[in-house]
Amino acid sequence: MLMAKCRTLQEENEDIGAMASEGKDFEFWCMSLQACVLPAPRRSFCGNYARVVNQILQGLTNMHLWIRLPLENSKPMDDDLDKIKNNSHTSEIIDSWELWNSFRLLCDHSSQLCVVLDILSTLPSINSLARWFGEPVRAAILQTEAFLTNAKGYPCLSKRHHSLLTGFFKHSIQVCYFYCLHAYA
């Protein structure tokens, strides 16, 4: 799995984003890769990032681009609702599926655009999780923080995490483990 650091593609300035896409002209085209994992779009620059990714997708024939998204809660917390009522800041609430849907629409529903989900310690509601099973999720990255410690001191997953992974396996979704050293410090 190739992870691409393409932050410059998300620049607010369209010229910088265009130069980044031309400069990269994605060296990995000649590597015969099946897929390349790109970082999640930042909500504020989603349009420019999607435009560049869509241009790249139009030039691809045998490779897929996978967008890495955190599997985040879609329901705002009470504190968030207060902030929204007082300040009208709706951008503080992040729903990864809504972000994916917007990005996919801007990329003309390309069949070569897929998703990689980061599984964190908290999971969205069952209904929010169910939406992902209808999407082109190709892989899930299980973060260190998703694990709990059982009575004997061994790492284990919560029942919700376990059932989510079981669903992923039934849908032939690859699961990768991401070990983070600072999680145990």
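The values are calculated or read from the model by the stated rules, or taken from the named source; none is laboratory data. Because the structure is predicted, anything quoted here is derived from the model rather than measured. FYI the Cβ positions are ideal-geometry reconstructions off the backbone, even for glycines, and counts take in every protein chain you see.
So the values come out like this:
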quantity	calculated
Filter pass, residue 74 being at pLDDT below 90 and on the phi > 0 side of the Ramachandran plot	no
Any chance residue 128 is modelled with pLDDT under 95, polar (S, T, N, Q), within 17 Å of residue 38 (Cβ to Cβ) and surrounded by 15 or more Cβ atoms within 10 Å (Cβ to Cβ)	no
Residue ranges of strands (runs of 3 or more DSSP E) in the stretch 143-182 with at least 1 members more than 13 Å from residue 119 (Cα to Cα) and either in contact with a strand residue (DSSP E or B) (Cβ under 7 Å, 6 or more places away or on another chain) or modelled with pLDDT of 95 or more (or both)	147-149, 155-157
Residue match in the stretch 12-22 (condition: modelled with pLDDT of 50 or more and either in a strand (DSSP E or B) or under 18 Å from residue 136 (Cα atoms) (or both))	no
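Per-residue answers, yes or no, for (1) under 24 Å from residue 97 (Cβ atoms); (2) surrounded by 15 or more Cβ atoms within 10 Å (Cβ to Cβ); (3) touching a Gly at 6+ places or on another chain (Cβ under 6 Å):
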position	(1), (2), (3)
138	yes, yes, no
141	yes, yes, no
146	yes, yes, no
150	no, no, no
154	no, no, no
165	yes, yes, no
178	yes, no, no
